[in-house]
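Taking it in order: structure first as structure tokens, then the write-up.
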Amino acid sequence: MTLISVVKCLVAAYTTIVSEHTMPKVKCFEIPGLYCWFWSNDHDPPHFHAKRNGEWELTVKFLEGGDSMFEMKWGKTPKAKVLREIAANAIANRNVLLLEWEDMGDE
């Protein structure tokens, strides 16, 4: 029998309250120069938001793969290298991201 241990993705407040929603920051990975966060009580499919201040924001649907993982919210499409880095971190942390997503629905 194989036991699998999943460590919960730690979050910290990204900001206080915006329109009665909290914005916990994703802490299971960090990419320098980017902000990655969840909106509490957000809609399906499970996702987090990633932003480079003043340049762009996108939604990262971390259970999906390929081009369907990303949805631009505003700004110019990030460089392919940045998208690959976001995707690699999202894929490597899918289980803990999903746990955190599910916890957001309880707030």
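The values are calculated or read from the model by the stated rules, or taken from the named source; none is laboratory data. Not measured: the values here are computed from a predicted model. With ideal geometry, Cβ positions are generated from the backbone for all residues, glycine too; neighbour counts draw on all protein chains shown.
So, Glu30, is that one modelled with pLDDT of 85 or more, surrounded by 12 or more Cβ atoms within 10 Å (Cβ to Cβ) and part of a loop (DSSP other than H, G, I, E, B) or not? Break it down into steps so the answer makes sense when it comes.
Working: modelled with pLDDT of 85 or more: yes; surrounded by 12 or more Cβ atoms within 10 Å (Cβ to Cβ): yes; part of a loop (DSSP other than H, G, I, E, B): yes.
Yes; evaluated as a whole, the condition is true for this residue.
Quick grid of which residues meet (1) closer than 18 Å to Asp44 by Cα; (2) aliphatic (A, V, I, L, M); (3) in contact with a Pro (Cβ under 9 Å, 6 or more places away or on another chain):
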{"residue": "Glu64", "(1), (2), (3)": "yes, no, yes"}
{"residue": "Phe70", "(1), (2), (3)": "yes, no, yes"}
{"residue": "Lys73", "(1), (2), (3)": "yes, no, no"}
{"residue": "Pro78", "(1), (2), (3)": "no, no, no"}
{"residue": "Leu83", "(1), (2), (3)": "no, yes, no"}
{"residue": "Ala90", "(1), (2), (3)": "yes, yes, no"}
{"residue": "Glu100", "(1), (2), (3)": "yes, no, yes"}
Which residues, taken from region 66-107, are among the polar types (S, T, N, Q) and more than 15 Å from Val26 (Cβ to Cβ)?
Ser68, Thr77
Which one of the conditions (1) surrounded by fewer than 16 Cβ atoms within 10 Å (Cβ to Cβ); (2) in contact with a Gly (Cβ under 7 Å, 6 or more places away or on another chain) does Trp56 fail to meet, given that it meets all the rest?
(1)
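For (1) under 16 Å from Asp103 (Cβ atoms); (2) among the basic types (Lys, Arg); (3) out of contact with any Phe, Trp or Tyr (no Cβ under 6 Å at 6 or more places or on another chain), each residue gets a yes or a no:
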site: Lys27; (1), (2), (3): yes, yes, yes
site: Trp37; (1), (2), (3): yes, no, no
site: His49; (1), (2), (3): no, no, no
site: Thr59; (1), (2), (3): no, no, yes
site: Ser68; (1), (2), (3): no, no, yes
site: Met72; (1), (2), (3): no, no, yes
Being modelled with pLDDT under 95, surrounded by 11 or more Cβ atoms within 10 Å (Cβ to Cβ) and at positive phi is the filter here; which residues of region 60-107 pass it?
none
How many of the residues in region 33-57 are in contact (Cβ under 8 Å) with a residue 24 or more places away in the chain and outside any loop (DSSP other than H, G, I, E, B)?
5
